[in-house]
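Below: one structure, written as structure tokens.
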Amino acid sequence: MERKSLLGLICSASFVLAACSCTCGIDGTKVAPGSPEDFEKNVPNAVYFNFDNYKLTPSAEARVQAQKEWLQTYTNTNIAIEGHCDDRGTQEYNLALGQRRAEEVRKNLIKHGLDGTRVTSVVSYGKERPVNTGADEKAYAENRRAVTVVVPR
């Protein structure tokens, strides 16, 4: 009986200690600080762009700033930046525009102090990976983005 109690106590203590090393995401689930899940839950990982444009708006710059602050806190991470477009325009045009969007985010992160060697890749998916498959302005706006993805070192 003592062995079961000791085992239960050890399991409970392990659970409490594990819980202490986690943070809660926006939805209340626990994630490890500095993990890709922490970034996805607590930082705006998508930066949105105006139609046919790759320049950052003030709200997009604020999102990039939040990313940079998180990345400076968790220096054991690298990132990849993915550029995306809505489905208007040719495949070639959208691949080029998505690349410029991703590069613009990379340049802005570096301009504000992020070590450029932490950006492992900058890639464009053009219109191939929409988050909203609708054909209205709301869908188009959601698809015109650059997404920062955390890659643990």
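So here's what we get for this one:
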quantity	calculated
At R0 = 22 Å, FRET efficiency that the Cβ-Cβ distance of Val123 and Tyr93 yields, to 0.05	0.85
Label zone at Val131 (point 7 Å along Cα-to-Cβ), backbone N below 13 Å, the stretch 86-116	86
Phi to ³J(HN,Hα) by Karplus 6.51 cos²θ - 1.76 cosθ + 1.60 over the stretch 96-111, Hz, x for Gly, Pro	5, 5, x, 5, 5, 5, 5, 5, 5, 5, 4, 4, 5, 4, 5, 4
Net charge, Tyr125 excluded, C-beta distance under 11 Å - Lys, Arg +1, Asp, Glu -1	+2
Partners for Lys30 among lysines (Cα-Cα distance below 21 Å; same-chain residues under 8 apart left out)	Lys41
q = 0.12, 0.14 Å⁻¹, the stretch 32-152: log10 I(q)/I(0) [Debye, one scatterer per Cα]	-0.39, -0.53
C-alpha center-to-center spacing [the stretch 44-95, the stretch 99-153] in angstrom	4 Å
Förster radius 25 Å - calculated FRET efficiency between Ala62 and Thr29 (Cβ-Cβ, nearest 0.05)	0.50
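Since every read-out is calculated from the coordinates, none of them should be taken as a lab result. What you are looking at is a predicted structure, and each value in this text was computed from that prediction instead of being measured. When we count neighbours, we look across all protein chains shown, and the Cβ atoms used for this are built from the backbone with ideal geometry, even at glycine.
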